[in-house]
1. Tell me which residues, restricted to region 126-142, are over 13 Å from the mean Cα position of the chain (by Cα), exposed (fewer than 15 other Cβ atoms within 10 Å of the Cβ) and not basic (Lys, Arg).
2. Scan region 65-77 and tell me whether some residue there is outside any helix (DSSP H, G or I), among the small types (Gly, Ala, Ser) and modelled with pLDDT of 95 or more.
3. Say we look at region 104-125 and pick out the residues that are surrounded by 24 or more Cβ atoms within 10 Å (Cβ to Cβ) and over 17 Å from the mean Cα position of the chain (by Cα); which of these is nearest to VAL188 (Cα to Cα)?
4. If you go through region 33-48 one residue at a time, do you hit one that is among the aliphatic types (A, V, I, L, M), within 18 Å of the chain's Cα centre (by Cα), open to solvent by 50 Å² or more (accessible area, probe 1.4 Å) and over 18 Å from LEU208 (Cβ atoms)?
5. Taking the condition farther than 16 Å from ASN35 by Cα, among the polar types (S, T, N, Q) and not in a helix (DSSP H, G or I), does SER92 pass?
6. So which residues in region 197-213 are surrounded by 11 or more Cβ atoms within 10 Å (Cβ to Cβ) and in contact with a Leu (Cβ under 9 Å, 6 or more places away or on another chain), if there are any at all?
7. Taking the residues in region 167-196 that are closer than 18 Å to ASP155 by Cβ and not hydrophobic (A, V, I, L, M, F, W, C) as candidates, determine which candidate is surrounded by the most Cβ atoms within 10 Å (Cβ to Cβ).
8. Is one or more of the residues making up region 219-234 surrounded by 11 or more Cβ atoms within 10 Å (Cβ to Cβ) and more than 25 Å from ALA100 (Cα to Cα)?
Amino acid sequence: MHIVVCIKQVPDSAQIRVHPVTNTIMRQGVPTIINPYDLFALEEALQVRDRYGGEVTVLTMGPPMAEQALRKALTHGADRAVLLTDRHFAGSDTLATSYALSHAVAKIGESYGAPDIVFTGKQTIDGDTAQVGPGIAKRLNLQQLTYVTKIVSIDPTSRELMVERHAESGTQMLKSTLPCLITVLEGVNAIRRGSLDDAFRAARSPVLKWGAADAGIGELTKCGLRGSPTVVKRVFAPGPRAEKAMQMDINDKTLAEVAADTVTAIFARQPVLERKLTSHGNR
């Protein structure tokens, strides 16, 4: 099987700061990491490869420094890494990003065999849109399985797979056909530590660097800022809440009394909620 995993190098969200004047994210001096959700997608891809055989190609779009993220993925056990980098991609929103990445995935398929599965994390921690994975699937006409928590089985002969998907109502069991795109939830697996051999191989392995022309992207107006209809008005850090938390004295009270006092305090602050619950209970 040939599996492609799309990852992204993102700033460590624990150390992000917002400029007090320009209201933009200050990236200078902030360390970068592989998007955490993408690590679970990578591990799931490696487990599928280990079980059914094949190769895992890791793809990212970003500046030249994103090569660091790809080499990290190679240390985890990926077989090949492709960096999609070009000044035309600067400022891409999710629409432009999915356009460029879908072309790169198609080019990877032409060069190394059509991918059976494309994996992505459910979203990135810097954008939090969860739009790029489905966007790639739409552009490549792939079956898309989002918020997957477990790959139950894959039948390479019939080209079918069974997955478990998280939904608001519970867990869905879905059956689909290959090829497909899967977005993976966090915590679905234990991310492996790369072996020493993988670390040496990652240091020696070449990272393929593709520009827009190399990936077969002809319509540059669909890339970067020109191809991005999304406009971010401003970025800001939420200020502290003016209203302080309420503290309740629960000494010498039974659990039933504490529960009753809590409900009374909630309804005192949220009278609309009390009316809705009361009217619902009278139906």
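The values are calculated or read from the model by the stated rules, or taken from the named source; none is laboratory data. Note that the structure is a prediction, hence the values are computed from the model and not measured. Cβ atoms come from the backbone with ideal geometry, glycine included; neighbour counts cover every protein chain shown. The accessibility values were calculated without ligands, DNA or RNA, using every heavy atom of the protein model including side chains. Shrake-Rupley method; radii C 1.70, N 1.55, O 1.52, S 1.80 Å.
1. First pass over region 126-142, keeping only residues over 13 Å from the mean Cα position of the chain (by Cα): 137-142.
Applying the additional criterion that residues be exposed (fewer than 15 other Cβ atoms within 10 Å of the Cβ) yields 138, 141.
Answer for region 126-142, where residues must be over 13 Å from the mean Cα position of the chain (by Cα), exposed (fewer than 15 other Cβ atoms within 10 Å of the Cβ) and not basic (Lys, Arg): just ASN141.
2. First, the residues of region 65-77 that are outside any helix (DSSP H, G or I): 77.
Then drop every residue that is not among the small types (Gly, Ala, Ser), which leaves 77.
Next, from what is left, pick out any that are modelled with pLDDT of 95 or more: none.
The answer is no; no qualifying residue exists.
3. Ranking the candidates gives PRO115 first.
4. Residues of region 33-48 among the aliphatic types (A, V, I, L, M): 33-34, 39, 41-42, 45-46, 48.
With the extra rule that they be within 18 Å of the chain's Cα centre (by Cα), the set shrinks to 33-34, 39, 41-42, 45-46.
Subsequent filtering for residues that are open to solvent by 50 Å² or more (accessible area, probe 1.4 Å) retains 33.
Within this subset, residues satisfying the condition of being over 18 Å from LEU208 (Cβ atoms) are 33.
Yes, region 33-48 has at least one match.
5. Details: farther than 16 Å from ASN35 by Cα: yes; among the polar types (S, T, N, Q): yes; not in a helix (DSSP H, G or I): yes.
Considered against the rule, which asks whether it is farther than 16 Å from ASN35 by Cα, among the polar types (S, T, N, Q) and not in a helix (DSSP H, G or I), SER92 comes out as yes.
6. So in region 197-213, the residues surrounded by 11 or more Cβ atoms within 10 Å (Cβ to Cβ) come out as 198-202, 205, 207-213.
The answer is ASP198, ALA199, ARG201, ALA202, SER205, VAL207, LEU208, LYS209, TRP210, GLY211, ALA212.
7. Per the criteria, the residue is PRO179.
8. no
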